[in-house]
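Worksheet: one structure, shown below.
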Amino acid sequence: MKLLKEFKEFAVKGNMMDMAIGIIIGASFNKVIDVLVKFVLMPPLSLLTDDVNFDNKKLILREAITNASGIITTTEVAIGYGALITVLLDFLVIGFTVFLVVKGMNRLRTRAHDSKDKTVITPKDIQLLSDLKELMEEQNNMLKANLKN
């Protein structure tokens with residue numbers, strides 16, 4: 001019963017919804033990156049390398065052995081380094097895209113927290129803290145001036 005109550009609190013707080021939204025967006029983002037790499041980046045790269053398909057590139061350690069009737073008796077053993085190249089390219093594209101998104105979000109956050117910037121509406125909590133800071137500085141200056149007199 002306690003476990004059910006804890007789960008209910010967890011779900012109501014929004015953590016579960018935030019996580020679900022993140023997972024859904026992440027899955028969609030993965031599909032976009034997969035298409036970007038396979039159908040946008042790899043074809044020009046293949047063209048530059050005389051139509052080499054990286055997915056099929058492998059280092060064969062042992063050839064497949066077939067009998068007289070053409071049935072494979074021993075399977076091929078190979079290291080598929082082409083798939084590794086494709087996955088590394090996926091990783092680089094995802095990493096660079098996430099970097100750009102985080103950089104943009106940080107820029108927006110910095111502008112939002114700048115109380116002097118009038119082009120962006122400053123959140124109320126940041127504005128209140130800024131006003132408090134200015135009032136405290138003004139009060140400190142007044143106290144310093146009174147102490148000197």
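The values are calculated or read from the model by the stated rules, or taken from the named source; none is laboratory data. This is a predicted model, so every value here is computed, not measured. We place every Cβ from the backbone using ideal geometry, glycine too, and count neighbours over all the protein chains shown. Surface accessibility is based on the protein's heavy atoms, side chains included, excluding ligands, DNA and RNA. Shrake-Rupley method; radii C 1.70, N 1.55, O 1.52, S 1.80 Å.
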Within the group Gly26, Gly22, which residue is under 15 Å from Val93 (Cα atoms), within 31 Å of the chain's Cα centre (by Cα) and open to solvent by less than 80 Å² (accessible area, probe 1.4 Å)? Gly26
Sort through Lys13, Lys2 and tell me the only one that's at pLDDT 80 or above and either open to solvent by 80 Å² or more (accessible area, probe 1.4 Å) or over 25 Å from the mean Cα position of the chain (by Cα) (or both). Lys2
Could you check, for the range 42-53, whether at least one of its residues is among the hydroxyl-bearing types (Ser, Thr, Tyr) and out of contact with any strand residue (DSSP E or B) (no Cβ under 7 Å at 6 or more places or on another chain)? yes
How many residues of the range 29-70 are within 15 Å of Val93 (Cβ to Cβ) and out of contact with any Gly (no Cβ under 6 Å at 6 or more places or on another chain)? The answer is 17
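Search the range 33-92 for residues being of a type in the set (Asp, Glu) and open to solvent by less than 90 Å² (accessible area, probe 1.4 Å), and hand back the single one that is modelled with the highest pLDDT.
Among those residues, the one meeting the criterion is Glu76.
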